[in-house]
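The numbers here are math on the coordinates, done by the rules we state, and not lab data. Owing to the predicted nature of the structure, the values given are computational and were not obtained by experimental measurement. Here the Cβ positions follow ideal geometry from the backbone for every residue, glycine too, while neighbour counts run over all protein chains shown.
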Amino acid sequence: MITVWGRKTSSNVQALMWCIGELELSFTRYDVGHKYGGNDTPEFLSMNPNGTVPVIRDGKGSPIWETGAILRYLSNRYAKDPFWPEDLEARTHIDKWAEWSKINIALNFTAPIFWRVVRTAPQQQNQDEITKAIHKLGNVLNIAEKQLQQHHFIAGNHFTLADIQFGHILYRYFDIEINRPYHPALINYYDKLTERPAFREHVMISYKELSVS
Ligand SMILES: N[C@@H](CCC(=O)N[C@@H](CS)C(=O)NCC(=O)O)C(=O)O
């Protein structure tokens, strides 16, 4: 049994929960962080000194934090080919796209765009900054677009760990009111993700509680 500490409105928790759903693992999840609090207690900080979510424990194992490390742990322990291949070269290819997604997609979307649109009052929003951030993210999404024109998924023709790191951001990206650059293969890919039950359950979640308006 996996224990998860983290509110379901956290994008990192969503990535983790989507992975747990795809791997059909049993879990208990506690709402921690943001309006739920609980991430500044001595007990929580002894598990994760950063005070961030998610944190997991697998059975009586040590606490694990950092979403990328958690996803790799779950995949090493519970996933099979082709989600997380045995072959080192094939696995590294998946890991490369997962890492690329975390650094280029999540970091260029969450704070620079999502927070500025959803977590900032409309009268305080800086449209110039938002437009520049959308353009910057768009340049990275051009790389994903090319990849998705040639493959069904972000790292090739199978659904893998890289799709979790890449795709979990897309619900919010396509749901918020912004002018998005046109990426037809990305739209088609996103539509396919929305047909996955675990994506619908763990990622397509209202972010209203984060909104200031
Ligand atoms: N690098 C960490 C970042 C974790 C992080 O920043 N989590 C956010 C939620 S997405 C958090 O804990 N925010 C404080 C809160 O929810 O109270 C990871 O990938 O797990």
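In nm, what is the difference between 0.36 nm times the number of residues separating His135 and Glu43 and their Cα-Cα distance?
The His135-Glu43 span can extend by a further 28.9 nm.
So which aspartates and glutamates pass the test for Lys208, namely a Cα distance under 20 Å, with those fewer than 8 places away in the same chain ruled out?
Straight-distance partners of Lys208: Asp31, Asp175, Glu177.
For region 57-213, what is the relative contact order in percent, using Cα pairs closer than 8 Å and at least 6 residues apart in sequence?
Once normalised by length, the contact order is 28 percent.
May I ask for the longest run of the chain untouched by trypsin sites (Lys or Arg not before Pro) that are loop-located per DSSP and have at most 12 neighbouring C-beta atoms (other than their own) within 10 Å?
81-213
Pick from Ile70, Ile178, Ile154 the residue whose mean-square fluctuation is largest in a GNM of the chain, springs joining Cα atoms under 10 Å.
Ile178
With +1 on the Cβ of every Lys and Arg and -1 on the Cβ of every Asp and Glu, and nothing else charged, how large is the dipole of the chain about its Cα centre, in debye rounded to the nearest 20?
It comes to approximately 320 debye.
Which GluC sites (Glu not before Pro) in region 141-213 pass both tests, a DSSP loop state and at most 12 other beta-carbon atoms within 10 Å?
Glu177, Glu195
In the chain, with Lys and Arg counted as +1 and Asp and Glu as -1 at Cβ, which of these residues, Tyr207, Asn188, Val13, has the Cα nearest the positive end of the dipole, that is, farthest along it?
Comparing the listed Cα positions along the dipole, Tyr207 ranks first.
Among Val13, Val203, Val117, which one moves the most in a GNM of the chain with springs linking Cα atoms closer than 10 Å?
Answer for the Gaussian network model of the chain: Val117.
Just Asp95, Asp31, Asp87 to compare: in a GNM of the chain, with alpha carbon springs under 10 Å, which one fluctuates most?
Maximum fluctuation in the GNM of the chain, among the listed residues, is at Asp87.
Counting other Cβ atoms within 10 Å, keep those with at most 14, restrict to DSSP loop, and tell me which chymotrypsin sites (Phe, Trp or Tyr not before Pro) in region 133-213 are left.
Tyr182
From the phi of every residue in region 203-208, what ³J(HN,Hα) in whole Hz does the Karplus formula 6.51 cos²θ - 1.76 cosθ + 1.60 yield, where θ is phi - 60° and glycine or proline is x?
10, 7, 10, 4, 10, 4
Can you grab the distance from the C-alpha centre of region 112-171 to the C-alpha centre of region 19-90, Å, no decimals?
23
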